[in-house]
Every structure is written in structure tokens, then in C-alpha cells.
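Input: a single structure, listed below in C-alpha cells.
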């Protein structure tokens, strides 16, 4: 793994990013994501953790559930499958119901097109099922 | 104005759409929008009023404020200026604060790109100022 | 399978949607698609069947072949692989020749970019081959 | 106006492009477009005239009306206003009725989103009105 | 102008961002942009100045001219007119020739579609003319 | 393999396209790509080889390395995975360092969104590793 010589973000922001990820996505997702970003590039992992999570996601006014639904909406609009999966998980992990995730995607259907809607729903449905299975185990 | 011979949606759904538009965007926006859609095409006005508003926006589980923020997020992601204006208005009209609109757009900046973010914010800022002016008058 | 409590579209529109799908895509595609939409969400299946098929696709003036080529063009422009497959199938099922499908995609190449063009053509080529194989069997 | 030293396309293809533009868009549109492309860059004018028009649009199998409707569909999907205007004009100039243009855009509404649909229709409606005015004069 | 209570980026990164903007776009563009971002939202101005300029644009390995051409390419692909204008300016300000800007856009034509290409070139052509006029004055 | 009856581009332009592909992507990539394009459609192979490669990529002013980085930027912006792979390969094959490819993608992160950035980097990382492996063998 190559070391970064460039990324220059404050250490406390980076630590805050890790803390936000724990609340937002829990384990093992938080660790897996940072590992994947680091595999892409060490600086990318630092930028996303410190700036995207430690600075933007850490802002007040909107809670993590609402932010997740908002990001899910954007992911449906941009037809980004991995992001649909991630933000569905984040929404459910922060108290959204399966019905709220479903409504978010249904609402988007008329703006992003019906195919974007039903394909997003197929992806979200899997994540919803995985969450239900984990909850039943507990 | 040509008459539509094709659109075949239930009359009560259409009436529900008009009612939802009143709650969602108030007057004169609701009437202006329907007039603009009708100018585009009479059937388009019927489809949007009856299906998009009377059926999709009328669904339970998510309130109109949350749906507006979700649609705002998608509009930022798709860089649709008219829609950014509309859903900012809808969010504020249903109790969202200017700060919540701002956070929604800031959150999107890292997903849709910084230029999409700051240009959306310039548009939303105008709508926020218009709302503040109206409230001060009242 | 959860039941929908929300979708409220006229029963005859839904039946018309099923009839349009039979003509447009034939079996087993029509049944498979509705099953996939239902798996995504029961209301999505109702909305697509009743509104998208039973209302929009059912409109006069343009025949199903022309509508399929038009939707294929949009699918190439939006780089939606599943939709390229579906509308190629629909075009061929309604009398389009392989050459007409090919021309539609070639025409799009200069608008959606060359890579969008040749990748769409690879997908369409498979559907064309499947149709030719079925016809040879018959 | 700077001269191009690079564009190297066959002269007959370029002449064919000019001929296709005459049939496709008529005058003064054909001349105006080439003037605008030349203003952008002399080589761009040569490439579009010779390759896009003289080679791609000149192909057999689909007539200019169908190609225009197909390109209109892609323009709606990509929300390119100038292209919506151009291909609506091309469709009408080659025998499409206003109703066929309208159906093409209505069909796209469920794939590109309702706002893309009604905004495209507002643009197309203007072009349709201009054509009707010209026909009434004649 | 409301004050930000949230943006928490290191002061030296912000100062570096201002310095990068001076080199990248010169005056008055650098000041105008920061003013426009601040008008959108004070935190947006801080994020773009400190993170986008002070951190990302400030990285080594690629010079500002190459980065500008790269960002121009992305702006053409995403059909963002303001960004085409900005990065054309940045490229020319850092030693790119008008021909290099032209080639970048011509190269993109086959990937983003011909209309995206020639419309981007019309925009870039204006910026090129403004630069030539300023140089002639000097 | 069906024969094309339509594509009408000059033979020397086609030969120049083959020569450009050899320099740009080397073997076996150049042959594999033309084979894939021909599989899509014989005319598509002729158009891409003669026009995209023999005419556009063959232009002077920008070298193949710079053009590859520019096309990589557009591919990241448009989230086209195959194109990210191809232009990373082309950049490296024409003297770009792994660091230059990395910087191109990092630069795009703030314009195309962070997820587009890190997913592009994962793809590019594989191509970089393959190049390093080949170089170690030699």
C-alpha cells in the first residue's frame, strides 16, 4: 500500500469522520468502506473520511436518517447502484422504516423515470431483507 | 386550447391532485403550474395533476416537507434549475427552515459535484429570500 | 408478498396495461416483467402496468414499433442496458427489422457518444440473435 | 475566420451532407446551422456536415421523419433544449404531424421524468406554432 | 450575510486555496468567484476555497494547465456551460493555446455527442476572444 | 459476419485509424477493440476506426497521453467503466505515470462526485497493476 504524501486535512476532522461512519453505517460496513477507499487510493480514503464524513455528514440541522434518504434520492436519480445500497442501509440503520425507504424511491420514479425507480427498488429490497434477517436473529 | 381525447384517469384522482397541490405549493404557484402544464399539452396537465400529484405525492408515510427535500436532492443531482426552485419553495411552504434547505444542498455537493452544489444554492437562496420577504410583509 | 394499500388506479386501466404488454412484448416477457416489478414493490407493478402501459403506451397516433424505437433511442442516450434489451425486443416483436434497430442505434452514436453507441449495439445484437434463433425454430 | 488545416473528409461526403441538410431542415435552418458550427470552429462544421449529416443521417432503412423522432426522443432524455427545437422542426419538415411530435415527448415522460417531459413539450409547442403560422401564410 | 458556524477547515488550507485561485484564474475572476460562492452560502465558499482549491487543485504531479484541460473535458461531458467558460479561462491563463482548448473540445465531441461539442466550442470561442482582446490591449 | 453496404469513409483515413490505434493502445488491445466493434456492427467498426481514430485522435496539437487523460476525465464524469479502463491503459501506454492517472481522477472527484471518483480509481488501480506486472516481466 503506497503512502500518501499530499492529503493535508486536520487530524480531528479525520477522527470525527470515523466516528460519524460508526453512527451512520455501523460495523462492519464502516471498516469495509474505508478499506475499499484505501484500496482505491490512500488520499481518497483520507478525503472521504475527513471531508465528506467528518465535515459534511457531521453538520447539524438534518439528522443522519434524513441525510440518508436525501442521498438515496440522489443515488436513484443518478442510477448509482452501489450508492442506493449504501444509503438504504444508512437510512435503515438510523431508524428509517422499510416503508420510508420505499416511499423515497416511489417518489423519485416520476422524476428519474420509471425504470430508474423499479431497478432502485429491487436493489433496496435486498438491503431491506438483509436488515430484517439480522433483526430476526437478534 | 386543444382538448385531450386520450387521458383517461379517474376524476377523483385528479381532484385529489389539485388538493395536494394546494397544500404542497399554495397559491398562486399551484394554479400557475397547472396553467403551464396545460400550455405544454392538456394531457400532460392531466397526467401530472392526477398521477404525479394525486397519486404519488398523495401517498402516506412521508410528509410533504420530507418529500420536497427528497425531490430537491434529486433536482440538484440532475441539475434541473426550475425543479430546484420549485422544491425549495415546496419545502419552505411545508415548514422546512432555510437551514434545512441549505443542508440538503450542501449534503449533495459531495455527490453531484461542487459546481452543481453552489449553483443550486444560488437558485435556492433567491427562493428563500422571496419567502422571507413575504413573511415580513405579513 | 406484501399487499399494497395505496395504489389507487382504475381497474380497467390496469387490465388495458396487461393487454398492451401482451401485444408489446408477448409472453413470457410480459409476465416476467410484471413479476419483477411486483418483486420490487406491489405498487410499482400497479403503477407501471396501469399508468405506463395502460395509459401512456396505450395512446394512439404512434404504433408500438415506433414507440419501441423511440424508447430504444432514449435508452441508448441514458445508457440503460436493461432498457436497450427490452425495447430492442419490443421493436422486433412489433415488426421492426434488425436493420431498423441497428440504424436507430447508429443514429444515436453521434448524439450520445461513440462508446454509448457500440456498447448498445453489442446488447441489441444479442437480442436480435435470440429473435432470429426463435424464428428459425418455428 | 481561421482556416482548418486538419479536417480530412472526402469532398463528396461533405456535398452529400449539405444535400441531406436541405432535405432534413430546409432553408434558412440548414444555412444557419452550418454558419453557427463554422463560428464554433471550421473543422467542427466540416465534421458535422460530412460525417454526421453526409454519412450517418444519409444512411438508408429509416426515413428522415423517423430519424428526427428518434433524435427528438434522445434530446428529451438528455434535456438538450436546442436539440428538442431542432429535431421537432426536422420531424415536422419531413411530414410528422404535431400529434406525432407530442406523442414522442409524452412517451418519453415516463422514462426521462415528468419535468423533462413537460419542459420539452413547452419548447416543441413553440416550434409547432411557428410551423403552423408559416403554413397558414402559404 | 449570515455567518457560518459549521465549516471547520484549517486556516492555512483556506489561505492556500486563495493563493491557488490567484495563480489559476487571476484577478478579478478569483475574487468574483469567491464572492459568488459566499453569496450562495458562506460555508460553501469556505469548502470550495479550502478543500477544492487549497487541497485538490493544490496537489502536485499535474500542472494547472493540464488540470484545467481535464476539468474542461469533464465540463463538456456534463454540459455545464459556466464550467466550460471557467476552465477555458483557466487553461488560457496558465499557458494553454487557443488550439489546445479547441482540440480538447473536439476530442470530446465523439464521447459526449456532437451537439455537446459544438455548443461547448461556441462558449469557449467567446472566452478565447476575450483573452485575445486583453492581450492585444497590453 | 454481415457485410456493410453503407459506410463510406476514405480508405486512407481507415488505415490511419489502424495506425493510430497501434500507437495509442498497442497490441493486443487494438485488435481486440476492432474485433468487438465489428461484432457490434461492421459499420460501427469502420466509423470508429476511420473517423474517431483516423480523424479525431489523429489530430495534432495534443499528444496521445494528454488526449488519453482528457478522455479519462470525461469517462469518470460520465461514469463509464469500460472507458475508464481503456483510457487509463492508453495514458499509461503513452508515458503517463500511475501518479498522473491518479491525479486526473482525484481532480475529477470534486466535479463528478466522490463516489464517481473512488469507483473510477478502483478500476484504474487494476489497470495500473496490470501495467506494472507486464513491466516487471519484461
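Listed values, structure above:
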quantity: Label 7 Å beyond Cα on the Cβ vector: residue F:27 copy-to-copy distances, nm; calculated: 5.4, 5.4, 5.4, 6.0, 7.8
quantity: Chain B: most fluctuating residue of B:33, B:92, B:64 per GNM, C-alpha cutoff 10 Å; calculated: B:33
quantity: Semi-axis lengths, Å, region B:97-138, gyration tensor of Cα atoms, sqrt of 5 times eigenvalues; calculated: 24, 10, 4
quantity: Relative contact order [Cα under 8 Å, 6+ residues apart], region E:18-138, whole percent; calculated: 23 percent
quantity: Three-way shape label, the protein assembly as shown, alpha-carbon gyration tensor, a/c 1.5; calculated: rounded
quantity: For chain F, built as a Gaussian network whose Cα springs stay under 10 Å, the top-fluctuating residue of F:73, F:112, F:91; calculated: F:112
quantity: Residue among C:128, C:44, C:18 with the largest mean-square fluctuation in a Gaussian network model of chain C, springs linking Cα atoms under 10 Å; calculated: C:44
quantity: Point-to-point label distance, residue D:99-residue B:61, nm (Cα→Cβ direction, 7 Å offset); calculated: 4.0 nm
quantity: Three-way shape call for region A:19-100 based on the alpha-carbon gyration tensor, with the a/c threshold at 1.5; calculated: prolate
quantity: Equivalent ellipsoid semi-axes, chain B, via Cα gyration tensor eigenvalues times 5, rooted, Å; calculated: 28, 16, 15
quantity: Inter-part distance where region E:95-138 and region C:90-136 are each reduced to a Cα centre, Å; calculated: 35 Å
quantity: Exam field: residue B:136 pseudo-label spacings to other copies (7 Å along Cα-Cβ), nanometres; calculated: 4.6, 4.6, 5.8, 6.7, 7.6
quantity: FRET E, pair residue D:19, residue C:81, Förster distance 41 Å, beta-carbon r, rounded to 0.05; calculated: 0.70
quantity: Calculated over region C:75-123: convex hull of Cα atoms, volume per residue (Å³); calculated: 56 Å³
quantity: Residue-averaged 222 nm ellipticity for chain C, from DSSP H runs of 4+ at -39500 (n - 2.57), nearest 500; calculated: -23000 deg cm²/dmol
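Read the figures in this text as sums done on the coordinates, not as results from a lab. Since this is a predicted model, take the numbers as computed values, not measurements. A quick note on method: Cβ atoms are made from the backbone with ideal geometry, for glycine too, and the neighbour counts reach across all protein chains shown.
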